[in-house]
Amino acid sequence: MKILFISWFPPSPRFSGSGLRTFNTLRALASCGQVTLLAPVQERHRPLLEDCEPWCKEVVAPDILSLRTSLWPIDQRTRWDKYWDTIRTLEPVALRYYDFSEFSRMVRGLNGDTPDLIWVYSSWLTGYLPHLDWQRVVVDFDVLFFRAMRRAMRHTPWYGSKVLLENIEIWKQERFDRGLGKRAAQVLVCSEEDRRTLGYDNVRVLPNCVDLPPRLPFEGVDDPHRLLFIGKMDYEPNIDAALYFCKSILPHIRNVEPRAHVYIVGREPTEEIRALHTGTDVFVTGAVPEATPYFNAAGIVIAPIRFGGGTRIKILEAFAHRKAVVSTTIGCEGLAVEQGVHLSRADTPREFAAECLALMTDASMRRALGRAGRELVESQYSQDVFQRTVRRCVSDLVSSP
């Protein structure tokens, strides 16, 4: 079978949580046939393609910056001009970010082959590929963008024209995503909530997965006062979560337990994230070669996420390392978790602080949550489950008329 896999970034676990999902998909598809990867990348991310090459017959990676349009706003004034301009069209603003005409031509004539299956990661990328044979297309909605945009609006300044323009963009994005769901042969989402939101018969849940650590540390070697937040730190929901925790939650914790401190681990931290580093109660590490030592040393993993979409690989990784987790409701959305069984859940600063403090003083509860989380990953979010779901999707699609 000839499979064309299209992603708008390099499928690599070193890229991000989404990169891990696409990498796992690539590995599963490689067991179904010969995969050609088409992924526009920035030059600084080109080394990440080395992770993909063993699983691909061919890798085609044009420079994504060369595809950027001159219309995309450079400063705030042109940004407003751009938004007003898009009011006149029905397409989301994301579809004007790049000129993918050359990219589309690559898809049309890639080696002169006609793929048996086309797997597209990211809904908006399909806007540049209207010529696809939709009876053979699978679209992976890692995130329902319109839901994520609507949530982000709750945490941004509300003023006049911005509210109007953002709501127009959300409406256009939802119209685009729902229309795409009707066209594709198969649509994949991360969670049952996303499947119900789309509501089509061709929507299937493909939960995220993580690799299980080969060895687990002995229980009790962690620091109960060390909190860990891990993620790509130039991603807006992660930026918001780290700032929210350090400014609104951590002071409540330290008023009761002054030994409490948090490690913020993840590549490409922004200036405002780096400014959180104090060396006493907040430590910002930036990129690290391996996350496992930080999981092992932490007493509690936190996910104070207030907006975004998809399912939280950071929580699954914490479960895989047998760690207690405190999360917001949105932070663990889409995961088959129970409050007090797999993790602790809280949605206000004081409640979140109280849950962290309770776990700091209760080692048996930390161990119980860690064990339950590990069992959940093994049963529902393992590589075996993920790969079986991908192969079943491929099998169903190619065997249908």
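The values are calculated or read from the model by the stated rules, or taken from the named source; none is laboratory data. What you are looking at is a predicted structure, and each value in this text was computed from that prediction instead of being measured. Here the Cβ is made from the backbone with ideal geometry for all residues, glycine too, and neighbour counts use every protein chain on show.
Scan the stretch 248-303 for residues that are of a type in the set (Phe, Trp, Tyr) and more than 26 Å from Arg371 (Cα to Cα) and report the count. I'd like the intermediate steps shown before the answer.
Going through the stretch 248-303, the residues of a type in the set (Phe, Trp, Tyr) turn out to be 263, 283, 294-295.
Those still in the list that are more than 26 Å from Arg371 (Cα to Cα) too: 283.
Summing the residues that are of a type in the set (Phe, Trp, Tyr) and more than 26 Å from Arg371 (Cα to Cα) in the stretch 248-303 gives 1.
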Q.
I'm checking my understanding of the structure. Among residues of the stretch 357-401 that are free of Cβ contacts under 8 Å to residues at least 40 places away in the same chain and over 30 Å from Gly33 (Cβ atoms), which one is surrounded by the fewest Cβ atoms within 10 Å (Cβ to Cβ)?
A. Ser364
**Q.** Residue pairs meeting the criteria (Cβ under 6 Å; at least 6 apart or on separate chains; first in the same structural domain as Gly181 (by TED's automatic domain parsing) and over 22 Å from Ser12 (Cα atoms), in the stretch 103-131; second in a helix (DSSP H, G or I) and modelled with pLDDT of 80 or more)
**A.** none
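Here is a yes/no grid of residues against (1) closer than 24 Å to Ala287 by Cβ; (2) hydrophobic (A, V, I, L, M, F, W, C); (3) in contact (Cβ under 8 Å) with a residue 12 or more places away in the chain; (4) not assigned by TED's automatic domain parsing to the domain that holds Ile118:
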site: Pro10; (1), (2), (3), (4): yes, no, yes, no
site: Phe15; (1), (2), (3), (4): yes, yes, yes, no
site: Thr36; (1), (2), (3), (4): no, no, yes, no
site: Leu49; (1), (2), (3), (4): yes, yes, yes, no
(Q) assigned to a loop (DSSP other than H, G, I, E, B) and at pLDDT 80 or above: which single residue out of Val120, Val139, Val143 fits that description? (A) Val143
Q) How many residues does the stretch 1-56 contain that are closer than 25 Å to Gly231 by Cα, of a type in the set (Gly, Ala, Ser) and in contact with a Leu (Cβ under 8 Å, 6 or more places away or on another chain)? A) 4
Q: Filter the stretch 352-401 for residues that are in a helix (DSSP H, G or I) and hydroxyl-bearing (Ser, Thr, Tyr) and give the result.
A: Ser364, Ser379, Thr389, Ser395, Ser399
Q. Can you name the residue in the stretch 30-70 that is under 18 Å from Phe103 (Cα atoms) and of a type in the set (Ser, Thr, Tyr) and is also modelled with the highest pLDDT among such residues?
A. Thr36
**Q.** Residue match in the stretch 298-313 (condition: touching a Pro at 6+ places or on another chain (Cβ under 7 Å), among the hydroxyl-bearing types (Ser, Thr, Tyr), touching a residue at least 40 places away in the same chain (Cβ under 8 Å) and at negative phi)
**A.** yes
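Restricting attention to the stretch 334-353, which residues are free of Cβ contacts under 8 Å to residues at least 40 places away in the same chain and farther than 15 Å from Leu316 by Cβ?
Glu338, Gln339, Gly340, Val341, Ser344, Arg345, Ala346, Asp347, Thr348, Glu351
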Q | Residue satisfying condition, being surrounded by fewer than 18 Cβ atoms within 10 Å (Cβ to Cβ), over 30 Å from Thr25 (Cα atoms) and either modelled with pLDDT of 80 or more or not assigned by TED's automatic domain parsing to the domain that holds Val107 (or both), within set Asn167, Asn202 | A | Asn167
Q) Taking into account only those residues within the stretch 268-312 that are assigned to a helix (DSSP H, G or I) and of a type in the set (S, T, N, Q), which is farthest from Gly17 (Cα to Cα)? A) Asn296
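Considering each of Glu236, Glu268, Glu257 in turn, give the residue that is free of Cβ contacts under 8 Å to residues at least 60 places away in the same chain, surrounded by fewer than 17 Cβ atoms within 10 Å (Cβ to Cβ) and acidic (Asp, Glu).
Numbers: Glu236 fails: free of Cβ contacts under 8 Å to residues at least 60 places away in the same chain; Glu257 fails: free of Cβ contacts under 8 Å to residues at least 60 places away in the same chain.
The conditions single out Glu268.
Of everything in the stretch 1-55, what is assigned to a loop (DSSP other than H, G, I, E, B) and within 14 Å of the chain's Cα centre (by Cα)? Give them in sequence order. Outline the logic, then answer.
So in the stretch 1-55, the residues assigned to a loop (DSSP other than H, G, I, E, B) come out as 1, 8-16, 31-33, 39-40, 42, 52.
Correct list: Trp8, Phe9, Pro10, Pro11, Ser12, Pro13, Arg14, Phe15, Ser16.
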Q: Would you point out the residue of the stretch 314-334, among those that are crowded, with 24+ Cβ neighbours inside 10 Å and of a type in the set (Val, Ile, Thr), that is nearest to Ser379 (Cα to Cα)?
A: Ile315
Q. Looking at Pro251, is it surrounded by fewer than 15 Cβ atoms within 10 Å (Cβ to Cβ), modelled with pLDDT of 95 or more and in a helix (DSSP H, G or I)?
A. yes
